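The values are calculated or read from the model by the stated rules, or taken from the named source; none is laboratory data. For clarity, every value in this text was computed on a predicted model and none was experimentally measured. Heads up, the Cβs are rebuilt from the backbone with ideal geometry, glycines too, and the neighbour counts pull from every protein chain shown.
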Amino acid sequence: MALLDGAGPLPDGSLSSERVARNLAALAVADDPDGWLVQQFFEYVSFALFHAGSLLARDAETGLNARVAEVLKPLREHTEQPRELHSRR
């Protein structure tokens, strides 16, 4: 079973949190499954930003990184040492 199996995307682009939670429980991944999940999404977002940055002008990439970092700020409390968002600089 994969983490996002059957979780979406839903018509609005979101994922079913209930399905992700059920899949996470079935995976039995760590002592801190919430922290593990947040770290996995940080990894995913970091890669997506790194890839998107290669397609954007530097000022657009900088703005995008800043906006995404602000959106992700509340999640940082769930990880001890979240990875920094990647940049091509």
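Of the numbered criteria (1) loosely packed, with under 13 Cβ neighbours inside 10 Å; (2) at pLDDT below 90, the one P33 fails is (1).
Residue under question is E43, and the condition is that it be touching a residue at least 24 places away in the same chain (Cβ under 8 Å) and surrounded by 14 or more Cβ atoms within 10 Å (Cβ to Cβ); does it hold? When the stated conditions are applied, E43 does not pass them.
Whenever a residue of the stretch 1-21 is of a type in the set (G, A, S), its partners that are exposed (fewer than 10 other Cβ atoms within 10 Å of the Cβ) and not in a loop (DSSP other than H, G, I, E, B), lying with C-beta atoms within less than 9 angstrom and at least six residues away or across chains, give the pairs A7/E18.
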